[in-house]
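Written below as structure tokens is the structure these notes are about.
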Amino acid sequence: MPLFWKAYTSDVTSFIQTLKDAKPSLEAEQRRGRALLWDKPIDRDAAADNADSRVPQQPYVYQTKT
């Protein structure tokens, strides 16, 4: 490698790095937002009841039963 070579960083990577440098609490806020919407405990009993109560769909939905 030549002496003047430096590692390439894309525009997006440099933007994210400057954003993190400007606002250090960004990652903690993102984790808090994710926990608010996505990281929920799963009720296994309710999920099993829901799976058991499903009715199988007929092959052709619009055909009336004879």
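For the chain, the set of chymotrypsin sites (Phe, Trp or Tyr not before Pro) satisfying both a DSSP loop assignment and a count of at most 13 other C-beta atoms within 10 Å is given as PHE4, TRP5, TYR8, TRP38, TYR60, TYR62.
Phi angles of the range 38-47 translate, via the Karplus equation with coefficients 6.51, -1.76, 1.60 and θ = phi - 60°, into HN-Hα couplings of 10, 7, 10, x, 9, 7, 5, 5, 5, 5 Hz per residue; Gly and Pro are given as x.
The lysine pair count for the range 5-66, using Cα distances under 29 Å and pairs eight or more places apart or on different chains, is 4. Residue by residue, the range 12-19 carries 3J(HN,Hα) couplings of 5, 4, 5, 5, 5, 5, 5, 5 Hz when phi is fed to the Karplus relation 6.51 cos²θ - 1.76 cosθ + 1.60 (θ = phi - 60°); x denotes Gly or Pro. Couplings 3J(HN,Hα) of the range 53-60, computed from phi: 8, 5, 9, x, 7, 6, x, 10 Hz, in residue order, whole Hz [Karplus 6.51 cos²θ - 1.76 cosθ + 1.60, θ = phi - 60°; x for Gly and Pro]. Think of it as helices only: each DSSP H run of n ≥ 4 in the chain is worth -39500 (n - 2.57), and spread over all residues that comes to -15000 deg cm²/dmol at 222 nm.
Throughout, read-outs are computed from the coordinates displayed, never taken from laboratory work. Quick caveat, the model's predicted, so the values are computed rather than measured. Glycine gets a Cβ as well: all are built from the backbone with ideal geometry, and neighbour counts include every protein chain shown.
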